[in-house]
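Single-structure report; data block below.
The values are calculated or read from the model by the stated rules, or taken from the named source; none is laboratory data. The structure presented is a predicted model; accordingly, all values stated were derived computationally and were not measured. Neighbour counts run over all protein chains shown; Cβ positions are idealised from the backbone, glycine included. Accessible surface areas use protein heavy atoms only, side chains included; no ligands, DNA or RNA. Shrake-Rupley method; radii C 1.70, N 1.55, O 1.52, S 1.80 Å.
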Amino acid sequence: MPAEMPASRYTYGDTEAAADRLTLVASIFEATSRRFLLDTTRQPPGLAIDLGCGPGLTTRLLHETTKARRTVGLDRSDAFLARARTDAPDGVTFMVHDAREVPSPVGPAELLYCRLLLPHLVDPASVVAGWSTQLTSGGMLLLDELDAVDTTEPAFVNYLDEVARPVVAAQGADLYVGPLLHGMDDPLGTERVVDRTATFAPTAALTARIFALNLAVLTDQGEIEPRPDLAAPLEAIARTGAGRPATWRVRQIGFRSGGAVG
Ligand SMILES: C[S@@+](CC[C@H](N)C(=O)[O-])C[C@H]1O[C@@H](n2cnc3c(N)ncnc32)[C@H](O)[C@@H]1O
């Protein structure tokens, strides 16, 4: 790792509960991520890489939708990768790797995909620029990240403003990384061929379940003090469904490499 790269800690950890949380999150992102991958992949890549793959849900989706010959998931967590490797389909493998580091341990790829990792990294634009050097000529770097969660439900607003955003901000990162990616310069030697938003609005009960689980995981990880004042209203909405829903807004960006691998 270059000496100047700051330390980074993933605040949600890699326990079983953290993996269950990611399974729920993946369920609400799945349709829009699938659409994004289908819209941007013209032919099956030889190699597709999933950056910050967690328990491998995005890796499977990437492999299935793009029909890549080979798909590799990279993550820093041994525990998540052990789960990811269970029943992995043919052509899908996983490696422990700090995704910020280049060169990629598996060589340049026709397709690099990243979902929900950049909100946890300091200086995401520099990380993206590094990734862009790991594309084959004509290869695509796809970013599928959060712009915002729009809601007027007090239980959601309070959780987002008092916990979700401050916890990642304390790491020098931004949960809503989408606007930064939208505004950043195109990495050298690439062209921005897609920059769009997609939205989805799960039921209030489902958003509440995710936020309640997030809160429990962050408390277990020691990232926050227990917050029964936030947990109780979330659990009530999860149980009864009585609450205003939230609209999740996702930024989907594609950079195509026009040059040689750097
Ligand atoms: C929110 S999860 C996203 C998982 C998956 N992409 C998805 O959308 O379901 C973020 C993942 O990034 C991983 N991670 C955090 N920092 C990392 C780093 N520097 N290098 C590789 N993986 C990292 C975490 O272990 C976690 O699995």
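For Thr199, the conditions (1) under 19 Å from the mean Cα position of the chain (by Cα); (2) not in a strand (DSSP E or B); (3) not aromatic (Phe, Trp, Tyr) are fulfilled apart from (2).
Answer yes or no as to whether Thr136 is more than 15 Å from the ligand (Cβ to nearest atom), polar (S, T, N, Q) and touching a Lys or Arg at 6+ places or on another chain (Cβ under 7 Å). Steps first, answer last, please.
Values: more than 15 Å from the ligand (Cβ to nearest atom): yes; polar (S, T, N, Q): yes; touching a Lys or Arg at 6+ places or on another chain (Cβ under 7 Å): no.
No, not satisfied.
Only one entry of Asp20, Asp78 meets the criterion of being among the acidic types (Asp, Glu), more than 8 Å from the ligand (Cβ to nearest atom) and over 24 Å from Leu146 (Cα atoms), and that entry is Asp78.
Quick one: in the range 41-61, which of the residues that are in a loop (DSSP other than H, G, I, E, B) and away from the ligand (no atom under 14 Å from the Cβ) is farthest from Thr199 (Cα to Cα)? Quick ask: steps written out before the conclusion?
Restricting attention to the range 41-61, the residues satisfying the condition of being in a loop (DSSP other than H, G, I, E, B) are 41-46, 52-56.
If we keep only those that are away from the ligand (no atom under 14 Å from the Cβ) too, we end up with 41-46.
Working: Thr41: 20, Arg42: 23, Gln43: 26, Pro44: 26, Pro45: 27, Gly46: 30 Å.
Within the range 41-61, the match that is farthest from Thr199 (Cα to Cα) is Gly46.
Has the range 144-156 got any residue that is in contact with a helix residue (DSSP H, G or I) (Cβ under 6 Å, 6 or more places away or on another chain) and free of Cβ contacts under 8 Å to residues at least 60 places away in the same chain? No - not one qualifying residue is present in the range 144-156. Scanning the range 127-167 for residues that are closer than 14 Å to Arg256 by Cβ, assigned to a helix (DSSP H, G or I) and of a type in the set (A, V, I, L, M, F, W, C) turns up Val128, Trp131.
Considering only the range 12-33, I want to know if a residue exists there that is modelled with pLDDT of 95 or more, more than 29 Å from Thr219 (Cα to Cα) and open to solvent by 40 Å² or more (accessible area, probe 1.4 Å). Within the range 12-33, one or more residues are modelled with pLDDT of 95 or more, more than 29 Å from Thr219 (Cα to Cα) and open to solvent by 40 Å² or more (accessible area, probe 1.4 Å).
Of the residues making up the range 102-125, those that are within 13 Å of the ligand (Cβ to nearest atom), farther than 16 Å from Ala84 by Cβ and under 17 Å from the mean Cα position of the chain (by Cα) number 8.
Here is a yes/no grid of residues against (1) touching a strand residue (DSSP E or B) at 6+ places or on another chain (Cβ under 8 Å); (2) in a loop (DSSP other than H, G, I, E, B):
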residue	(1), (2)
Ala7	no, yes
Asp20	no, no
Thr23	no, no
Ser27	no, no
Ala31	yes, no
Asp39	yes, no
His63	yes, no
Pro89	no, yes
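Among the residues of the range 9-18, count how many are out of contact with any Asp or Glu (no Cβ under 9 Å at 6 or more places or on another chain) and in a loop (DSSP other than H, G, I, E, B). Outline the logic, then answer.
In the first step, residues of the range 9-18 are kept if they are out of contact with any Asp or Glu (no Cβ under 9 Å at 6 or more places or on another chain); the result is 9-10, 16.
Still in the running and in a loop (DSSP other than H, G, I, E, B): 9-10.
Residues meeting the conditions: 2.
Considering Asp50, Asp39, the condition of being open to solvent by 50 Å² or more (accessible area, probe 1.4 Å) and among the acidic types (Asp, Glu) is satisfied by Asp39 alone.
In the range 68-98, the qualifying residues are those that are under 17 Å from Thr15 (Cβ atoms) and among the polar types (S, T, N, Q), and the one that is surrounded by the most Cβ atoms within 10 Å (Cβ to Cβ) is Ser77.
Taking the range 91-126 as the range and being in a strand (DSSP E or B) and either within 18 Å of Asp186 (Cβ to Cβ) or of a type in the set (S, T, N, Q) (or both) as the test, the residues that pass are Thr93, Leu111, Leu112, Tyr113, Cys114.
How about the range 132-156: which of its residues are over 18 Å from Ser33 (Cβ atoms) and among the hydrophobic types (A, V, I, L, M, F, W, C)? Before the answer, list the steps.
So the first thing to find is which residues in the range 132-156 are over 18 Å from Ser33 (Cβ atoms), and the list is 132-139, 150-156.
Hits for the range 132-156 are Leu135, Ala155, Phe156.
Set side by side, the residues Ala204, Ala173, Ala169 differ, and just one is open to solvent by 30 Å² or more (accessible area, probe 1.4 Å) and either within 26 Å of Glu16 (Cα to Cα) or without any contact (Cβ under 8 Å) to a residue 60 or more places away in the chain (or both), which is Ala169.
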